[in-house]
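Written out below as structure tokens is the structure these notes cover.
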Amino acid sequence: MTPEIVAEHGLSEDEYARLLEILGREPNMVELGIASAMWSEHCSYKSSRAWLATLPTEAPWVICGPGENAGVVDIGDGKAAVFKIESHNHPSFIEPYQGAATGVGGILRDVFTMGARPVAVLDALRFGSPDHPRTRHLVSGVVSGIGGYGNCIGIPTVGGETEFDPAYDGNILVNAMAVGIADADRIFYARATGIGNTVVYVGSKTGRDGIHGATMASAAFDADAEARRPTVQVGDPFTEKLLLEACLELMATDAIVAIQDMGAAGLTSSALEMASKGGVGIALDLDRVPTRETGMNAYEIMLSESQERMLMVLRPDAEAAAERVFRRWGLDFAVIGRLTDSGRVVLTHGGETAADIPVDPLVEAAPRYRRPHVPTPVPAMPAIDTAGVAPLEALERLMGSPDLASRRWIWEQYDHMVMADTVVRPGGDAAVIRVHGTSRGIALTTDCTPRYCAADPRAGGRQAVAEAWRNLVAAGARPLAVTDNLNFGDPERPEIMGQLVGCIEGIGEACRALEFPVVSGNVSLYNETDGRAILPTPVIGGLGLLDDLARRTTIAFAASGHEIVAIGATAGHLGQSLFLRDVLGTPGGPPPPVDLDAERRNGLLVRGLVEGGVVEVCHDVSGGGLLAAVAEMALASGIGAEIALPPGADPLAWLFGEDQGRYIVAVDDAGPVLDAAAASRVPAAAIGRTGGAALTVSGHGHISLAGLGEAHEAWFPRFMAGP
Amino acid sequence: MKTAVIVFPGSNCDRDSAVAVEAATGRAPAMVWHGEAALPPVDLIVIPGGFAYGDYLRSGAMAAHSPVMREVAAKARAGVAVLGICNGFQVLTEAGLLPGALMRNAGLRFICRDVALSVERDDTIFTRRYRAGATVTMPVAHNDGNYVADGETVARLEGEGLVAFRYRENPNGSTAAIAGILDPARRILGLMPHPERAADSVLGGTDGRALFEGLADSLAA
């Protein structure tokens with residue numbers, strides 16, 4: 001084995017030495033490929049594992065935390081929600097349609113592998129500057145890829161987020177979150193047990209696509225990114241639909257001992273993980289693996305990332321019945337091996353041993369690094385000049401800016417209503433999906449403010465969790481748990497590692513304070529091109545529960561003449577605000593602080609008001625500040641509003657500051673809301689009234705909803721239509 | 001009223017249609033697998049939305065030649081009512097049970113949103129609970145909803161009053177804004193909008209419920 005071949009497989013000298021020690025000899029190419037995939041950053045979390053271990057993962061309602069295919073939480077009535085978020089960043093940049101499509105396919109498999117019927121998908125997307133020549137092509141490809149997969153398989157895409165920043169010019173982010181519902185006592189795990197039990201391969205045939213995808217996803221890009229196109233997989237949502245239905249049909253019986261989808265690192269990763277979790281060995285005959293093309297060697301079969309495949313361990317007497325189910329759905333079904341008591345993965349191909357590796361040493365001895373890290377200096381507040389800035393002109397600009405403009409162009413390309421349980425559609429704070437056949441619902445959101453994380457990783461980490469929690473509360477839900485997708489640059493650079501460490505610290509603090517444990521997640525590192533890293537982007541996917549769908553909220557004003565109440569303190573924090581960046585053109589400063597005690601107090605107040613039926617219209621305040629939140633409520637309803645500034649307030653800071661922990665509610669009488677707030681020691685103030693066809697700020701004029709709506713809706717279609 | 005919902009491997013609105021049928025008739029429909037060569041005795045056959053066999057070739061083209069569709073055609077000839085929604089409409093045109101074809105949307109993008117429809121006639125088994133000329137709202141969700149037929153066919157559809165629903169604002173380029181059509185006997189309806197997704201107030205609309213209730217009135221055994 002030459003040093004060049006070892007380096008091509010992404011293994012360091014130390015890592016290769018460790019492999020020699022584990023095997024007691026030189027590896028062959030198949031073994032080197034397997035070690036390379038298993039020890040890639042993507043599969044082993046070698047840079048982040050020590051820090052991830054600091055996150056809270058438990059609560060009385062958590063059924064399964066991190067480490068399985070997805071997290072599982074109890075949602076009552078014998079049901080569980082199964083959910084996870086995962087990145088498909090590198091492939092989506094190289095081939096946006098297939099990259100995004102297979103990202104959706106992969107995360108759906110993680111959910112139905114555990115026995116859940118998927119009920120919703122959300123996508124958190126980050127693209128480069130709208131002015132970058134590649135951005136339009138990437139947006140178009142990613143959105144059609146997500147829609148092409150989700151629409152066909154028939155699972156609604158109900159939410160997510162989309163942002164633009166030059167930091168993503170060379171590395172876009174495509175993070176897909178899937179959520180499923182299962183019977184709480186019928187969750188399926190990957191732990192392979194029962195020496196002698198058969199190992200079965202089901203789904204699509206194995207081809208030469210996606211070989212070494214996990215290794216690619218663990219390296220930074222250079223000018224040759226295009227040359228990596230053959231490592232991108234090709235998706236087939238129709239086959240995944242068949243696989244989904246066949247798996248759920250078989251899961252209704254007692255045939256399955258363990259099941260694992262073939263995702264990153266394909267058959268290698270699924271076989272080793274199942275064996276490792278069960279403490280068993282596994283013997284596979286690769287001649288029995290269904291292949292799409294002739295002449296595939298063991299290396300290719302083991303490292304292919306062909307999509308829509310599963311590995312299962314069956315009970316001894318269940319083989320024939322299981323085969324009938326998969327054949328009926330027109331899928332391949334092949335017994336490819338058995339569990340053994342050897343503690344080793346032994347592969348044969350063409351009658352010869354192709355690999356023979358001890359399972360535990362390879363999986364458990366995966367490298368773990370305590371990489372050096374340095375703190376991020378918090379930027380000073382820039383000098384700002386607000387002379388001549390009129391609030392409503394600023395609002396119009398913000399509502400028509402790339403980051404705040406309506407995302408209708410995107411979500412109208414996603415079937416967000418299939419399955420006929422979508423109660424709150426895209427465009428609000430959180431999507432709400434009915435638990436089929438009941439009057440309960442789950443609320444779903446994804447959130448992150450990368451510019452806050454870049455300025456102060458710890459504050460940014462706290463804010464991402466707080467905003468997800470707040471969005472669920474605003475929808476009327478009780479927040480239950482989190483899945484996180486940590487997207488960062490090269491962790492071997494101490495300043496990037498410092499961002500990762502700071503964000504994880506902030507996430508941990510917020511999750512602990514809000515009783516919002518992390519139950520699943522994914523880490524995507526090396527998101528950089530030619531040494532330029534993305535903004536630190538720890539996306540938080542949140543899930544909450546509504547016990548009664550009748551007690552839900554909308555962001556749209558319900559009637560004219562209602563009083564508008566702001567809940568939470570408005571200090572006018574302009575640091576890192578969209579107003580500074582997009583209106584004044586002087587971005588900077590520290591991000592808004594997150595007072596977790598206040599966040600919790602304010603949220604519990606709002607949830608009580610919604611559950612008590614006092615509040616039916618509610619919206620959280622986030623990017624763009626208070627006036628943008630009110631504008632979104634007005635546009636969603638077609639009912640205007642008049643807002644009055646409190647005496648002595650700096651108008652621009654009060655209207656556009658991005659202080660955390662705030663909600664806007666609209667009620668026919670503010671009295672009960674203000675009384676409840678006072679009793680809970682929560683700052684709250686009546687700030688205006690709904691009505692008319694314009695948005696008015698007393699003393700600063702008005703803007704018609706028609707004009708504001710035009711600015712808000714026009715940006716995306718105009719951008720995508722091109723120059 | 002007895003109903004069968006046809007289930008192709010890539011159908012994905014089969015459950016949604018079954019829920020709407022059961023809500024209107026009080027009776028759960030029979031779910032009939034695409035490989036079946038025989039249907040149980042029924043008053044209504046629903047071909048639901050989805051991507052019957054993946055539809056990588058042409059929407060509904062393969063489904064039109066499936067074993068179950070021969071039986072659907074025979075039942076239709078015998079006067080059993082047939083409702084094709086979205087992909088079901090595409091299958092009916094490919095199978096020759098309704099004229100014309102559903103092509104790629106004029107905007108070349110998938111469209112999922114509520115649309116306003118005008119009810120063109122209220123004297124059919126499908127539309128008797130509506131009022132002719134009324135505007136109703138239902139969601140569309142399709143890539144290939146652009147109804148196309150030759151001039152002679154369109155003239156015949158219009159002349160014989162076989163257009164059941166028309167878009168108020170044409171979302172997909174359909175000829176004459178046609179959203180749904182009937183066969184000459186008015187026992188087969190194919191439409192792109194999804195009445196089954198607008199049959200429950202918690203989902204934001206109930207205008208589709210009248211279609212299933214009208215069928216229940218008409219076909220009550």
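The values are calculated or read from the model by the stated rules, or taken from the named source; none is laboratory data. Predicted model only: the values in this text are computed from it and were never measured. Virtual Cβ from ideal backbone geometry, glycine too; neighbours counted across all protein chains shown.
General observations
- Only helices (runs of 4 or more DSSP H) whose full extent lies in the range A:285-379 are considered here, and the ones with at least 1 residues that are basic (Lys, Arg) are A:319-328.
- Output for the range A:149-180, where each listed residue is within 14 Å of another protein chain (Cβ to nearest Cβ) and in contact with a Phe, Trp or Tyr (Cβ under 7 Å, 6 or more places away or on another chain): A:150, A:151, A:152, A:157
- Strands (runs of 3 or more DSSP E) within the range B:2-105 that include 2 or more residues more than 24 Å from residue B:156 (Cα to Cα) and within 14 Å of chain A (Cβ to nearest Cβ): B:3-7, B:30-33
- The range A:53-171 holds strands (runs of 3 or more DSSP E) entirely within its bounds, and those carrying 3 or more residues that are within 30 Å of residue A:581 (Cα to Cα), of a type in the set (A, V, I, L, M) and touching a residue at least 12 places away in the same chain (Cβ under 8 Å) map to A:117-127.
- The residues of the range A:522-548 that are at positive phi and touching a Ser or Thr at 6+ places or on another chain (Cβ under 8 Å) amount to a single one, A:526.
- Filter pass, residue A:96 being at pLDDT 95 or above, within 14 Å of chain B (Cβ to nearest Cβ) and under 22 Å from residue A:305 (Cβ atoms): no
- Only one of A:316, A:358 that is at pLDDT below 95 and over 30 Å from residue A:452 (Cα atoms): A:316
- Qualifying strands (runs of 3 or more DSSP E) (wholly inside the range A:475-581; at least 1 residues being out of contact with any strand residue (DSSP E or B) (no Cβ under 6 Å at 6 or more places or on another chain) and surrounded by fewer than 24 Cβ atoms within 10 Å (Cβ to Cβ)): none
- Of all residues in the range A:400-413, exactly one satisfies the criterion of being more than 8 Å from chain B (Cβ to nearest Cβ) and among the aromatic types (Phe, Trp, Tyr), namely A:409.
- Candidates A:113, A:57 - the one that is touching a strand residue (DSSP E or B) at 6+ places or on another chain (Cβ under 7 Å), β-branched (Val, Ile, Thr) and within 23 Å of residue A:345 (Cβ to Cβ): A:113
- Some residue of the range A:354-369 being within 14 Å of another protein chain (Cβ to nearest Cβ), out of contact with any helix residue (DSSP H, G or I) (no Cβ under 6 Å at 6 or more places or on another chain) and over 26 Å from residue A:109 (Cβ atoms): no
- Filtering the range A:265-284 to residues that are under 32 Å from the mean Cα position of the chain (by Cα), assigned to a loop (DSSP other than H, G, I, E, B) and crowded, with 22+ Cβ neighbours inside 10 Å leaves only A:265.
- Scanning the range A:370-416 for residues that are of a type in the set (S, T, N, Q), under 30 Å from residue A:157 (Cβ atoms) and out of contact with any strand residue (DSSP E or B) (no Cβ under 8 Å at 6 or more places or on another chain) yields a total of 2.
- Residue B:156 being outside any loop (DSSP other than H, G, I, E, B), within 14 Å of another protein chain (Cβ to nearest Cβ) and surrounded by fewer than 23 Cβ atoms within 10 Å (Cβ to Cβ): no
- Checked against (1) basic (Lys, Arg); (2) more than 23 Å from residue A:57 (Cα to Cα); (3) more than 14 Å from chain B (Cβ to nearest Cβ), residue A:84 meets all criteria but (2).
- Selection count where residues are more than 14 Å from every other protein chain (Cβ to nearest Cβ), among the small types (Gly, Ala, Ser) and surrounded by fewer than 24 Cβ atoms within 10 Å (Cβ to Cβ), scope the range A:414-458: 2
- The residue of the range B:125-143 that is farthest from the other protein chains (Cβ to nearest Cβ), among those that are part of a loop (DSSP other than H, G, I, E, B) and under 14 Å from the mean Cα position of the chain (by Cα), is B:125.
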